[in-house]
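A quick write-up on the structure given underneath.
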Amino acid sequence: MANDPSEKVPPSNPPKDKAEGAPVSPKPAAPAAAAPPKPATPPPPKAVTPAPGPLDNELVQRLKARFGEAIHEATLDRKQAIVLIAADKLRDIARYCRDEEKFDMLTDLTAVDWPKRERRFDIILNLYSFAKNERLRLKAHAAENEPVPSSVEIWPAANWLERECYDMFGIGFEGHPDLKRILLPDEWEGHPLRKDYDILKQDTAWVRENLGIESGQ
Amino acid sequence: MTDARTNGSSDVTTTVLGADEIILNMGPQHPSTHGVLRVKLKLDGERVVDSECIIGYLHRGVEKIAEHRSYAQFAPYVDRMDYVAAVSNGLGYCEAVEKLLGAEAPPRTRVVRTILTELQRIASHLLWLGTHALDIGALTPVFYCFREREEILKIFEKYCGARLTTHAFRIGGLQYETYDGFEEEVKRFCEDFAQKIDEYETLLTENRIWVGRTKGVGILNAADAIALGVTGPVLRASGVKWDLRKAQPYAAYDQYEFEIPTRPTGDTYDRYLVRMEEMRQSRRICLQAVENIPTGPIMAKVGKVLKPPPGEVYHSIEAPKGELGYYIVSDGTTQPYRVRVRPPSFINLQAFDKMARGSLVADVVAIIGTIDIVLGEVDR
């Protein structure tokens, strides 16, 4: 199933299984009313799941006022703020978030591959602010072979995280001090977390040469 | 340990060496690297000038596997990341998927989860304490630590049949109902444990050799810690009072009273003291929790086939080693489109270079120990 990657919002075929509960209808982002503590009482939990909806709070307004077109979209999904930004402005926006909005920690940096999309990668920066006790997810689209500005000079934590992204997805980070593989061997061919990299696939030549065994696959 | 100048193209080995400098390779089979961590050290005499961690020897592609399993099928895999704190891993994953589904675990489940996770934190810290002390040359504590850890593992074994890779929780609730006498056993353990922590402290806290080997070693200040994304006891020992159990409570932590221990200097000794105090606090949480476990169902109604609506979620918990996060993207099918694990060990290990520069070779062992890494989680 995951071998057939689809677009960001796949066709929502109503679940055939009755146990699934209410069909997944694109409801407005109703804030998830706390599910009843005793699950024996209806409604079933599925009914309260919020679908992603637009987000427009002060932070988003400040970002839009400052960066205009570079802020493409802001959404709220499961009560979590996601801001889609232009990849080439990533470093400016990240620096602004750190210095002005007090998102002082880069919790995580990763990517998601959507191969059917024109710009296939989502770069995801998960920020945390100690002052506000708040999280913010910055997301930027990047095409294959399109360099993405590195965030290492803003958060040194990005160093290994970007290396891992490069290792697993083949995303090049421009301005990274030492971009090379981190988990896989330097000579490895391919980037395993891309959707077109099959789960049974591996660098057989590397395995044969370095481990002296024939791959069992 | 051998000379590593022949190997590879890393920055440490390709930089020009000064007249008195050598490259020393440590690991990946070195016993004090706690698994298969390899460290390349650039030395000037006994001083570390530069260092580089080489990881990936245990890489299994957990995130790729997740994309080819159903949500429930993937749950046992997360136990194999930080394999000395499997219960915490499971809690983070189950809660993340519950968030994605919009389901909420029943109150009884949340309390039992809290108890088991806190016991796991104690077990993880005990393993850390024993091996860390062993690395530095204190042979005795490891026997004491394993004695108490064994009690915790017995509770796990009675609860779910497994000691290490427990798979204790299910998405939506618990795998099993608690066994008869669960409360009493947890209570007895906690009551005895207070005195046991004091026992460890008599061995180490004022021990001259221990203090000499840990005080002022591997200092990490608060600003660097935050910039490097360091979390958990390492961050708290640098003076940042931040714990996800308080900042963004999950499970049943909002119901209990406990302190967040911090220390000011961020050296190896402070990290030791923070973890010792954390064990006391975990014990306190367990004692409060077993007093009053609500009755009721142990599973929420989540359906047999888990099919979260399209969307994404990030959920993180305070694992024994720091912030353990799961970022899950759903495309509306029965298998996750993407699972990203934010591993605390991986990110904390990045601070090693900062801590090790300028220290002595002998202290490198203490610094690796004090970060408390598990290579299964670093490499995934």
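The values are calculated or read from the model by the stated rules, or taken from the named source; none is laboratory data. This is a predicted model, so every value here is computed, not measured. Virtual Cβ from ideal backbone geometry, glycine too; neighbours counted across all protein chains shown. Surface accessibility is based on the protein's heavy atoms, side chains included, excluding ligands, DNA and RNA. Shrake-Rupley method; radii C 1.70, N 1.55, O 1.52, S 1.80 Å.
Residue-by-condition table, conditions (1) over 21 Å from the mean Cα position of the chain (by Cα); (2) touching a residue at least 40 places away in the same chain (Cβ under 8 Å):
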residue	(1), (2)
B:H125	no, yes
B:I136	no, yes
B:I155	no, no
B:L164	no, yes
B:I171	yes, yes
B:D180	yes, no
B:Y200	no, yes
B:A222	no, yes
Out of (1) open to solvent by less than 30 Å² (accessible area, probe 1.4 Å); (2) of a type in the set (V, I, T); (3) within 30 Å of B:K40 (Cβ to Cβ), the odd one out for B:I54 is which? (1)
Spot the failing condition for B:A289; the list is (1) open to solvent by less than 10 Å² (accessible area, probe 1.4 Å); (2) within 14 Å of chain A (Cβ to nearest Cβ); (3) of a type outside the set (D, E); (4) over 30 Å from B:L349 (Cα atoms), and only one is missed. (2)
Please work out if B:G239 is of a type outside the set (S, T, N, Q), without any contact (Cβ under 8 Å) to a residue 40 or more places away in the chain, surrounded by fewer than 19 Cβ atoms within 10 Å (Cβ to Cβ) and closer than 30 Å to B:S359 by Cβ. yes
Looking only at the range A:164-195, and only at residues there that are away from chain B (no Cβ under 12 Å) and open to solvent by less than 40 Å² (accessible area, probe 1.4 Å), the one that is nearest to B:L58 (Cα to Cα): A:G170
Looking only at the range A:102-122, how many residues end up being open to solvent by less than 10 Å² (accessible area, probe 1.4 Å) and in contact (Cβ under 8 Å) with a residue 24 or more places away in the chain? 11
Tally the residues that are open to solvent by 30 Å² or more (accessible area, probe 1.4 Å), at the interface with chain A (Cβ under 8 Å from one of its Cβ atoms) and not basic (K, R), restricting the search to the range B:66-105. 2
Out of the range B:167-177, which residues are in contact with a helix residue (DSSP H, G or I) (Cβ under 8 Å, 6 or more places away or on another chain) and surrounded by fewer than 23 Cβ atoms within 10 Å (Cβ to Cβ)? B:H167, B:R170, B:Q175, B:Y176
Output the qualifying pairs, or none if there are none: Cβ atoms under 6 angstrom, residues six or more apart or on different chains, first residue in the range B:50-63 and at the interface with chain A (Cβ under 7 Å from one of its Cβ atoms), second residue of a type in the set (D, E). B:I55/B:D379; B:G56/B:D379; B:H59/B:D379
Tell me which helices (runs of 4 or more DSSP H) are completely within the range B:295-380 and hold 3 or more residues being open to solvent by less than 10 Å² (accessible area, probe 1.4 Å) and within 11 Å of another protein chain (Cβ to nearest Cβ), or say none if there are none. B:344-349
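Residue-by-condition table, conditions (1) touching a Ser or Thr at 6+ places or on another chain (Cβ under 6 Å); (2) more than 25 Å from B:D224 (Cβ to Cβ):
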| position | (1), (2) |
| --- | --- |
| A:T110 | no, no |
| A:K116 | no, yes |
| A:R119 | no, yes |
| A:E144 | no, yes |
| A:A158 | yes, no |
| A:Y166 | no, no |
| A:G175 | yes, no |
